[in-house]
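Presented below is the structure to which this report refers.
The values are calculated or read from the model by the stated rules, or taken from the named source; none is laboratory data. Because the structure is a prediction, the values reported are computed rather than measured. Using ideal geometry, Cβ is built from the backbone for each residue, glycine included, and neighbour counts are taken over all protein chains shown.
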């Protein structure tokens, strides 16, 4: 692609990210994000996730540079040769999960998740859930602190902390991972086809309230939740060839 591509910069609120923003704007001309051919995000994985959500409808690829803490989705930060790095960058396409929730009064909400959808207990009482996959009840009763449906990109985030599997970025799979399962105690979750529709019924919802969260959009006191991959939506990440997302996910599985 041409070096004349229009760049937009976005940054986290931290001093480190804001300083980088000023320096890069001085060095490279920029435009508003809606007018850009590529967005350069300065911060950590939280900012990258927010940016992917914010500009998904515009189908603008996002190139992150780490000015945060974790930075799993970010490239290394350097100020030199930015346009050349953007020209060499490799693109990864991510399809989000679509979460639909229904509360006790019949209110229906929808939200998208690029990392995961998680159900979590709201009180001292453990959650009690029924799990259906493509309309078939696979687990009639799961007593737990919660459960996660994770994409390959999100499999190294909350899912990994809950001892779920790491999924290579190109694998057509979703991870279904319980959080502190009490009964059945030995159930460790499942790998599902990416086309699967996962549905949860919250049992004893008034006594055992549960919230549902798609990335950072939370709905409280849900009674039913369904999750499926939305192939009509996509977000685009750019990575340096020597340090791409697929390599990071593969490497994560061999860390001590």
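One line per residue, one yes/no per condition, for (1) within 18 Å of the chain's Cα centre (by Cα); (2) at pLDDT 95 or above; (3) in the same structural domain as residue 113 (by TED's automatic domain parsing):
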| site | (1), (2), (3) |
| --- | --- |
| 177 | yes, yes, yes |
| 190 | no, yes, yes |
| 196 | yes, yes, yes |
| 199 | no, yes, yes |
| 203 | no, yes, yes |
| 207 | no, yes, yes |
| 212 | yes, yes, yes |
| 243 | no, no, no |
| 246 | yes, no, no |
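Can you name the number of the only condition in (1) touching a strand residue (DSSP E or B) at 6+ places or on another chain (Cβ under 6 Å); (2) surrounded by fewer than 20 Cβ atoms within 10 Å (Cβ to Cβ); (3) in a loop (DSSP other than H, G, I, E, B) that residue 70 fails?
Condition (1) is where residue 70 drops out.
So which strands (runs of 3 or more DSSP E) are wholly in segment 192-249 and hold at least 2 residues that are crowded, with 17+ Cβ neighbours inside 10 Å and in contact with a helix residue (DSSP H, G or I) (Cβ under 7 Å, 6 or more places away or on another chain)? Break it down stepwise before answering.
Numbers: elements: 198-202, 210-214, 217-219, 222-229, 235-239.
Filter on segment 192-249 gives 235-239.
If you go through segment 151-173 one residue at a time, how many are surrounded by 14 or more Cβ atoms within 10 Å (Cβ to Cβ), more than 18 Å from residue 237 (Cα to Cα) and without any contact (Cβ under 8 Å) to a residue 60 or more places away in the chain?
6
Exactly one condition in (1) crowded, with 22+ Cβ neighbours inside 10 Å; (2) within 21 Å of residue 226 (Cβ to Cβ) is false for residue 137; which is it?
Failing condition for residue 137: (1).
Does segment 109-134 hold any residues that are closer than 18 Å to residue 150 by Cα and out of contact with any strand residue (DSSP E or B) (no Cβ under 8 Å at 6 or more places or on another chain), and which are they?
If the condition is that a residue be closer than 18 Å to residue 150 by Cα and out of contact with any strand residue (DSSP E or B) (no Cβ under 8 Å at 6 or more places or on another chain), then 134 is the only one that fits.
Considering each residue of segment 26-47, count those that are over 22 Å from residue 73 (Cα atoms) and part of a helix (DSSP H, G or I), and give that number.
Quick first cut of segment 26-47, residues over 22 Å from residue 73 (Cα atoms) only: 26-32, 35.
Then keep just the ones that are part of a helix (DSSP H, G or I); that gives 26-27, 35.
The total comes to 3.
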